[in-house]
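Only one structure is covered here, and it is reproduced in the block below.
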Amino acid sequence: MLIEEYDSQFSYQTKKTNLNISFNRIAFIFFIFVIISLIFSTKAVFLGSLKNKISNKNLIISEFRSSIVDRNGYLIAKTIITSNVGINPNLVIDKKKLLINLKLIFPEKKIKEFEKIEKNLNGEKFFYLKKKINQDQLEELNLLGDKSIIVEQKISRIYPHQNLFSHIIGQIDDNNIGISGIEKSFDEELKKNNIPLRLTLDTNIQYLIREELKKYGEIFHNLGSAAILMDINSGDIISLVSLPDFNLNKREEISDINFINRATKGVYEFGSVFKTFTLAAAFDEKIIEPQTEFVDLPKSLTCAGFPIREYDNKIPSNLTAEQILVRSGNIGSVRIGQKVGEEKFKLFLSKIGVLDEINFDTEEVGKPIKFNWGKCPLATASFGHGITTTLLQLAKAYAIITNGGYQINPTVIVKTRNLNDKKKILNDDVSNKILPILRKIVTTKEGTASLANVNGYEVGGKTGTAQKSTAGSYSKKKINTFVSIFPTSNPKFVLAVMLDEPKTNKDYIYHYRDGSNIKYKGTPFNTAGWTTVEVTAQIIENIGPILATKY
């Protein structure tokens, strides 16, 4: 009995002990799980409340600006919320510990940067640790729980393409107000609307044209350059580039005049590209025909005591009106201008929009210098001397005289319009007669733009080489311009390219594009035919396939 009672008691106690151990284990695991959950919940609540507290601080919804996109919907400008982190040294408890933590969180910062941070920590003034901090680093800072770390959120404007559209997009100030370009001209619209502002510009084409201007800037060592590609029928600008440009994201104050928008703001004498206008005016007035002969043209003229000479003594004395433009004759152009007359020529230039300030989408437009007309000014204006305009107006004028004579208004904003309602301002004969001549300037050996004969694109155009005027006199510095139209059989595009103060390059190798495989080393003359024409041809070769498939 004693044994039975003992066994029974022992067996009972063993079962009871096992049950208690299982229960304790479960309770312990549950307790650990609750503690972990509380820790993570506390962290989530802390970060969430901090984020909510920050996101509501100093943020005004009305300060958001609509995005700006290109014609294909690609982003050009966007408003986002960014976080800036700073430190109040007066609230730091352990400066050495904080500095060690900062080094762990910001491994990308250099030694000199941390030396500056340490110096600021020993001061008394608030300082920024990092602006536009990424989310991972922000969360690591929040986990430090240091009251000296101040986080503020700001509304920021970002430009993904940095320099690519700088001159046309413009800038905003620290108060979210547009101060230049589209950002200024459409400031109210960008603040009120949620719909992106769509531009006529094409990001891919803009990039390709800018790359060529940059490349040839290193070859010809020019001071700057500009290019405008425009639809001649609608006035939609597909690309507008001016170099040098600047990074919009840096918001730097730019006072250097060399950063002027040469495409719209710069006012220049463009030289012989005006000869096309002289001949077009004569066609519009039905005064002459392409084959009208001019006989015994002298090699020079004198007007008000100043000589007017041919740039090339090899130009024949007997030329047709067509040949005068193909060979870019100065004297012949003067004779054509004299036939048109001062008043009619002035009226023609006014109709095609080169004399007065243009109405454009941005305020950064130049105003042509007032031209005092008279007998001698008529003569010089006939071959592009002494008369000024902007590259934008030059492109517009060439579009009008080659699109059938219809008025257009250049724009970078996508608009709903009825192209059938266009106003006709020139006779049909103007485009029909000018286009074949512009094509011959490129295709014939007498022409000044043979390097632009890109196979498959029927390029036509006119060169212009002009000396820059400084302090009332002309210097050896030049403006070299080429305005091209293509395809000349069915005109769609005008491409105006300008190089500001280019130089010759003795090592550059020219490849003729007429299928002859002829090469020529070194720039023989600092003229548009050897500089700007070469740049234009390379641009057309690069953008041509895109234009052919998309437009």
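The values are calculated or read from the model by the stated rules, or taken from the named source; none is laboratory data. Computed from a predicted structure; not experimentally measured. Positions of Cβ are generated from backbone atoms using ideal geometry, with glycine treated the same way; all protein chains shown enter the neighbour counts.
Key figures for this structure:
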{"read-out": "Hits in segment 248-307 (condition: among the small types (Gly, Ala, Ser) and without any contact (Cβ under 8 Å) to a residue 12 or more places away in the chain)", "value": "Ser255, Gly305"}
{"read-out": "Residue ID - nearest to the chain's Cα centre (by Cα), chosen from residues in segment 402-417 that are more than 24 Å from Ile182 (Cα to Cα) and not β-branched (Val, Ile, Thr)", "value": "Asn403"}
{"read-out": "Residue pairs meeting the criteria (Cβ under 7 Å; at least 6 apart or on separate chains; first more than 12 Å from Leu392 (Cβ to Cβ), in segment 407-418; second exposed (fewer than 14 other Cβ atoms within 10 Å of the Cβ) and not small (Gly, Ala, Ser))", "value": "Gln407/Lys423"}
{"read-out": "Test: Thr411 is more than 30 Å from Gly73 (Cβ to Cβ) and among the β-branched types (Val, Ile, Thr)", "value": "no"}
{"read-out": "Residue that is buried (at least 18 other Cβ atoms within 10 Å of the Cβ) and modelled with pLDDT of 90 or more, where the choices are Asp187, Asp202", "value": "Asp202"}
{"read-out": "Matching residues in segment 430-465 - criterion: being modelled with pLDDT under 95 and part of a strand (DSSP E or B)", "value": "none"}
{"read-out": "Selected residue [touching a Leu at 6+ places or on another chain (Cβ under 6 Å), crowded, with 18+ Cβ neighbours inside 10 Å and either β-branched (Val, Ile, Thr) or part of a strand (DSSP E or B) (or both)] from Val533, Val497", "value": "Val533"}
{"read-out": "Subset of segment 387-418 (residues that are part of a loop (DSSP other than H, G, I, E, B) and crowded, with 17+ Cβ neighbours inside 10 Å)", "value": "Ile387, Thr388, Thr390, Asn403, Gly404, Gly405, Gln407, Ile408, Pro410, Val412"}
{"read-out": "Qualifying position, being among the polar types (S, T, N, Q) and surrounded by fewer than 21 Cβ atoms within 10 Å (Cβ to Cβ), among Thr448, Thr443", "value": "Thr443"}
{"read-out": "Filter pass, Leu378 being assigned by TED's automatic domain parsing to the domain that holds Ser225, under 22 Å from Pro290 (Cα atoms), touching a Phe, Trp or Tyr at 6+ places or on another chain (Cβ under 6 Å) and hydrophobic (A, V, I, L, M, F, W, C)", "value": "no"}
{"read-out": "Selection status of Thr470, without any contact (Cβ under 8 Å) to a residue 12 or more places away in the chain and either buried (at least 24 other Cβ atoms within 10 Å of the Cβ) or hydroxyl-bearing (Ser, Thr, Tyr) (or both)", "value": "yes"}
{"read-out": "Only one of Asn101, Asn122, Asn142 that is at pLDDT below 95, loosely packed, with under 15 Cβ neighbours inside 10 Å and either assigned by TED's automatic domain parsing to the domain that holds Ile168 or more than 35 Å from the chain's Cα centre (by Cα) (or both)", "value": "Asn122"}
{"read-out": "Sole residue being on the phi < 0 side of the Ramachandran plot and surrounded by fewer than 11 Cβ atoms within 10 Å (Cβ to Cβ), chosen from Pro298, Pro290, Pro307", "value": "Pro307"}
{"read-out": "The listed residue being within 30 Å of Lys415 (Cα to Cα) and either surrounded by 11 or more Cβ atoms within 10 Å (Cβ to Cβ) or under 37 Å from the mean Cα position of the chain (by Cα) (or both), out of Lys109, Lys116, Lys78", "value": "Lys78"}
{"read-out": "Criterion violated by Tyr510 - all others in (1) over 25 Å from the mean Cα position of the chain (by Cα); (2) part of a loop (DSSP other than H, G, I, E, B); (3) touching a residue at least 12 places away in the same chain (Cβ under 8 Å); (4) over 20 Å from Gly329 (Cβ atoms) satisfied", "value": "(2)"}
{"read-out": "Flag if Phe283 is surrounded by fewer than 17 Cβ atoms within 10 Å (Cβ to Cβ) and of a type in the set (Phe, Trp, Tyr)", "value": "no"}
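Okay, residues lined up against (1) of a type in the set (Lys, Arg); (2) on the phi > 0 side of the Ramachandran plot; (3) at pLDDT 95 or above:
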site: Gly181; (1), (2), (3): no, yes, yes
site: Gln206; (1), (2), (3): no, no, yes
site: Glu212; (1), (2), (3): no, no, yes
site: His221; (1), (2), (3): no, yes, yes
site: Asp231; (1), (2), (3): no, no, yes
site: Ile238; (1), (2), (3): no, no, yes
site: Ser255; (1), (2), (3): no, no, no
site: Asn261; (1), (2), (3): no, no, yes
site: Gly266; (1), (2), (3): no, no, yes
